[in-house]
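Here the structure comes first, spelled out in structure tokens, and everything after it is commentary.
The values are calculated or read from the model by the stated rules, or taken from the named source; none is laboratory data. Remember, it's a predicted structure, so these values are computed and weren't measured experimentally. We place every Cβ from the backbone using ideal geometry, glycine too, and count neighbours over all the protein chains shown. Remember, those area values only see protein heavy atoms, side chains included, never the ligands or the DNA or RNA. Shrake-Rupley method; radii C 1.70, N 1.55, O 1.52, S 1.80 Å.
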Amino acid sequence: MLEAINSWALLMEEIRVRCCIAGGGPAGMMLGFLLARAGVDVAVLEKHADFLRDFRGDTVHPSTLEMMHELGILDDFLRRPHQQLDRLKVQIGDTSLWAADFSHLPTHAKFIALMPQWDFLNFLGEHAARYPEFQLRMQAEVVDLIQENGDVTGVRAKTPNGDLTVRSDLVVGSDGRRSIVREKAGLNVVEKGAPMDVLWMRISRQASDPPQTLGRIDMGRILVMIYRGEYWQCAFVIPKGTAEELKARGIENFRAEIARLVPYLRNRLGELKDWNDVSLLTVKVDRLETWYKPGLLCIGDAAHAMSPIGGVGINLAVQDAVAAANILAAPLAAGAAPVHMLRKVQDRREFPTRLTQAVQIFAQNRFIGRVLAGNNPIQVPSILKLMQRWPILQRIPARAIGLGARPEHVKTPEAHRRQDVAKAS
């Protein structure tokens with residue numbers, strides 16, 4: 001009988017925290033780190049066993065690097081393997097053009113850091129773990145919300161050891177563009193549309209290859225190549241909904257399309273043995289009408305799925321997390337997060353979200369959509385021509401991409417000295 005009771009207890013764990021964060025992506029891990037640093041008891045629930053998933057956004061922009069400087073962890077971050085990109089170049093047909101120059105930004109790190117997202121998330125986790133208020137539960141998949149009288153009071157999750165119930169003063173949904181949290185909360189999603197999808201793949205890099213470029217545009221196709229040291233992480237942009245049609249033409253035809261865009265890759269495209277070596281990202285651009293309800297807040301992709309244009313998704317998510325921590329750390333530490341405080345987070349972050357999405361949609365419809373249609377010869381946009389003649393103009397897109405419409409700064413206090421926490425642990 002006692003053995004049966006113990007087995008039942010293992011299958012029905014319940015914990016209590018001030019804040020429960022669903023999803024261990026950039027927004028969730030940064031928010032968990034900042035709240036724990038401010039002395040708030042927080043649990044991050046991540047459904048996977050680790051962060052090792054390929055082809056996730058991994059451009060860490062100057063705005064995020066500046067926040068790391070404010071936290072005193074930038075030097076440690078930059079000691080991790082990464083590549084630095086202080087200018088962006090795009091190739092249209094046979095013409096190469098500089099598109100953005102980050103070297104004049106008013107930040108300590110005047111470049112984009114290219115680091116696999118799993119390394120970035122592990123880095124945040126290592127620093128968050130130095131605070132006793134932080135706990136990260138891997139293989140804990142949030143499947144439902146606990147709601148009482150219209151208020152969200154916790155979550156239910158599945159783990160390898162059975163069901164987990166987390167009771168909390170605040171639940172934060174940062175579980176991505178297919179958010180279970182926002183679905184269970186019944187929050188209304190406004191679809192903004194996207195004319196494209198993306199096929200991601202790895203192709204090895206050779207010493208004779210040219211340096212980093214933003215992308216190659218020609219013949220109704222767009223290929224973005226991200227330097228990864230030993231390989232290129234490639235994004236092949238296709239018209240929305242045409243992935244199955246492309247696959248039906250065969251992997252050999254797909255290799256030939258890449259070779260036409262980037263001839264120097266031809267001798268290694270055999271690395272794409274079949275479609276298992278290619279991952280489809282279905283591009284979505286959407287946002288919630290309301291990001292919150294009593295006891296619940298959504299941030300990052302759960303609140304607003306972004307287009308991959310500009311690689312700003314991670315950085316907007318991190319800025320959401322910093323804004324949320326700045327606004328909510330004190331009330332959470334005091335034992336509550338009233339709904340008017342949750343509204344302040346949306347009020348703070350909705351303008352940069354709307355503006356960024358508007359720019360992305362404009363670029364999709366006015367340029368990318370036309371390129372993918374392949375109806376007319378590709379011409380170099382006039383603004384890019386002006387940027388070559390007057391390089392100072394390259395600072396404008398650099399600021400938009402590198403800092404965003406409303407950069408956030410860390411204002412949460414540190415409740416413990418780190419070395420004291422390290423000794424105590």
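For (1) more than 28 Å from residue 282 (Cα to Cα); (2) modelled with pLDDT of 95 or more, each residue gets a yes or a no:
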{"position": "157", "(1), (2)": "no, yes"}
{"position": "161", "(1), (2)": "yes, no"}
{"position": "168", "(1), (2)": "yes, yes"}
{"position": "171", "(1), (2)": "no, yes"}
{"position": "176", "(1), (2)": "no, no"}
{"position": "185", "(1), (2)": "no, yes"}
{"position": "191", "(1), (2)": "no, no"}
{"position": "195", "(1), (2)": "no, no"}
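Annotation: of all residues in segment 95-154 being within 30 Å of residue 393 (Cβ to Cβ), within 24 Å of the chain's Cα centre (by Cα) and of a type in the set (Phe, Trp, Tyr), the one that is surrounded by the fewest Cβ atoms within 10 Å (Cβ to Cβ) is 111. Annotation: of all residues in segment 334-372 being at pLDDT below 90 and of a type in the set (D, E, K, R), the one that is nearest to residue 238 (Cα to Cα) is 370. If you filter segment 155-175 down to residues that are surrounded by 20 or more Cβ atoms within 10 Å (Cβ to Cβ), under 14 Å from residue 47 (Cα atoms) and not β-branched (Val, Ile, Thr), you find that the one that is farthest from the chain's Cα centre (by Cα) is 164. The criterion of at least 2 residues that are open to solvent by less than 10 Å² (accessible area, probe 1.4 Å) is met, among strands (runs of 3 or more DSSP E) falling completely within segment 198-242, by 221-227, 231-239.
Which of the residues belonging to segment 313-333 are at pLDDT below 95 and open to solvent by 30 Å² or more (accessible area, probe 1.4 Å)? Those that are at pLDDT below 95 and open to solvent by 30 Å² or more (accessible area, probe 1.4 Å): 330, 333. The one condition from (1) in contact with a Leu (Cβ under 8 Å, 6 or more places away or on another chain); (2) buried (at least 19 other Cβ atoms within 10 Å of the Cβ); (3) part of a strand (DSSP E or B) that residue 190 does not meet is (2). If you scan segment 358-408, which residues turn out to be not small (Gly, Ala, Ser) and not in a helix (DSSP H, G or I)? Scanning segment 358-408 gives 375, 376, 377, 378, 379, 380, 381, 390, 403, 406, 407, 408. Note on segment 254-289: residues that are in contact with a Leu (Cβ under 8 Å, 6 or more places away or on another chain) and either exposed (fewer than 14 other Cβ atoms within 10 Å of the Cβ) or of a type in the set (A, V, I, L, M) (or both) total 9. Selection of segment 49-75 for residues being open to solvent by 40 Å² or more (accessible area, probe 1.4 Å) and modelled with pLDDT of 90 or more yields 69, 70, 72, 75. Among the residues of segment 275-289, some residue qualifies, meaning at least one is part of a helix (DSSP H, G or I) and among the aromatic types (Phe, Trp, Tyr).
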